[in-house]
Amino acid sequence: MNTKLLEPFRLGPLTLPNRFVMAPLTRNRATAGMVPGPLAVEYYGQRATAGLLISEASQVSQQGQGYQDTPGIYSREQVAGWRKVTDRVHERGGRIFLQLWHVGRISHTSLQPDNGAPVAPSAIAAKGKTYANNAFIDYSEPRALALEEIPGIIESFRRGAANAIEAGFDGVEVHGANGYLLDQFARDGSNKRTDAYGGSIENRARLMLEVAKAVSAEAGRERTGIRISPVSPTQDIFDSNPQPLFDYIVDGLNALKLTYLHVVEGSTGGPRDIAPFDYGSLRKRFGGAYIANNGYDFELAERMLAANAADLIAFGKPFIANPDLVERLEKGAPLNTPDKSTFYGGGAKGYTDYPVLGEALDAAQ
């Protein structure tokens, strides 16, 4: 099939064989110690034909954890577990970045060090529930980070980046989206600070830009990307005027010369047109690659690439159910339907047991 999705793309030092990106997908299947286990090795290895894999979000510290059984990137055991994943992906000719995560207030005391309160820019609880102790429970009331704690947050991201490179990842993605800590600082609905990290756009953007600078200095700017979601309301997040905020943020990211900007367009996992926003403004402001994300099918992806509105397209749910998504587009084959009941937690079912094309044909005979 003649489609731009199947054309190669140069991303920093990497040559991607196609423009498919597997989006970071939380699957809640880490083993004891928040270590990715053998199933994760198989899962990522199965999907290595994507131009680029982005791992599920991985907390940079225990404080950064917000859900049960999500992997970390702060212990030696976690680094060793991830090394098995990257080895398998590379054996199969793939390329993989790790997504660095701190959830901020989107957590519960039972997941925090010494059962403490989650941290946030301001002591404002988010509405919603997390999954911990095998149950859905309300997010805990957070405490505001003290000014003197913020260098430690930045350091945890830097250390996470160093650990990811040690674990064999080709690069890292800073998670600045979806209502997690860096997004909480950026948006005025969750940030009511009056110090150097609150108030003006410049102050609210400061932590995201400082983290991106520290991470790119550690991993290399050509191996560092970042994800943002300018208008997504997920995790009870909002901003009164997102366009100038994210234009400013992207100008700052462009100055750092990061390798890509990964943008969730619209509401994460929901409507693309939830609020007016000029994504083309971000595209123009950023000199690196633009990864478009949210609700893309092959047709919409092709239109965006043909219009030069994006360089790469991230697919989420299609990759959950179709480890051979690239081959299915090449051959015009139908797609497996994802089983939502197995998205989060569990074992191999709904994780590593989706059939590839040959298996599907054998089963049909």
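Of all residues in the stretch 135-151, exactly one satisfies the criterion of being at pLDDT below 95 and either out of contact with any strand residue (DSSP E or B) (no Cβ under 6 Å at 6 or more places or on another chain) or open to solvent by less than 50 Å² (accessible area, probe 1.4 Å) (or both), namely Ala135.
Take the conditions (1) open to solvent by 10 Å² or more (accessible area, probe 1.4 Å); (2) in a helix (DSSP H, G or I); (3) farther than 21 Å from Leu111 by Cα; Arg10 misses just one of them, which is (2). Number of residues in the stretch 79-93 that are assigned to a loop (DSSP other than H, G, I, E, B) and either on the phi > 0 side of the Ramachandran plot or surrounded by 22 or more Cβ atoms within 10 Å (Cβ to Cβ) (or both) equals 1.
Residues in the stretch 118-173 that are over 21 Å from Gln68 (Cα atoms), in a loop (DSSP other than H, G, I, E, B) and in contact (Cβ under 8 Å) with a residue 12 or more places away in the chain: Pro121, Ser122, Ala123, Ile124, Leu145, Ala167, Gly168, Phe169, Asp170.
Return yes or no: is Phe315 in contact with a Phe, Trp or Tyr (Cβ under 9 Å, 6 or more places away or on another chain) and open to solvent by less than 10 Å² (accessible area, probe 1.4 Å)?
yes
Being in a strand (DSSP E or B), without any contact (Cβ under 8 Å) to a residue 60 or more places away in the chain and of a type in the set (A, V, I, L, M, F, W, C) is the requirement here; does Leu300 meet it?
On the way: in a strand (DSSP E or B): no; without any contact (Cβ under 8 Å) to a residue 60 or more places away in the chain: yes; of a type in the set (A, V, I, L, M, F, W, C): yes.
Judged against the criteria, Leu300 is not a match.
Does Arg76 count as at pLDDT 95 or above, open to solvent by 40 Å² or more (accessible area, probe 1.4 Å) and either among the basic types (Lys, Arg) or under 24 Å from Gly12 (Cβ atoms) (or both)? Taking the combined requirement at face value, the residue satisfies it. Summed over the stretch 38-64, the residues that are over 21 Å from Tyr296 (Cβ atoms), open to solvent by less than 10 Å² (accessible area, probe 1.4 Å) and either modelled with pLDDT under 95 or in a loop (DSSP other than H, G, I, E, B) (or both) give a count of 1. Can you name every residue in the stretch 2-12 that is more than 12 Å from Glu302 (Cα to Cα) and either out of contact with any strand residue (DSSP E or B) (no Cβ under 9 Å at 6 or more places or on another chain) or of a type in the set (A, V, I, L, M, F, W, C) (or both)? Hits for the stretch 2-12 are Phe9, Leu11.
Residue count for the stretch 199-251, restricted to those that are without any contact (Cβ under 8 Å) to a residue 60 or more places away in the chain, of a type in the set (A, V, I, L, M, F, W, C) and part of a loop (DSSP other than H, G, I, E, B): 2.
For the stretch 326-365, filtering for residues that are modelled with pLDDT under 95, surrounded by 14 or more Cβ atoms within 10 Å (Cβ to Cβ) and of a type in the set (Asp, Glu) leaves 1.
The values are calculated or read from the model by the stated rules, or taken from the named source; none is laboratory data. All of these numbers come straight from a predicted model, not from anything done at the bench. Heads up, the Cβs are rebuilt from the backbone with ideal geometry, glycines too, and the neighbour counts pull from every protein chain shown. With ligands, DNA and RNA removed, areas are computed over all heavy atoms of the protein, side chains included. Shrake-Rupley method; radii C 1.70, N 1.55, O 1.52, S 1.80 Å.
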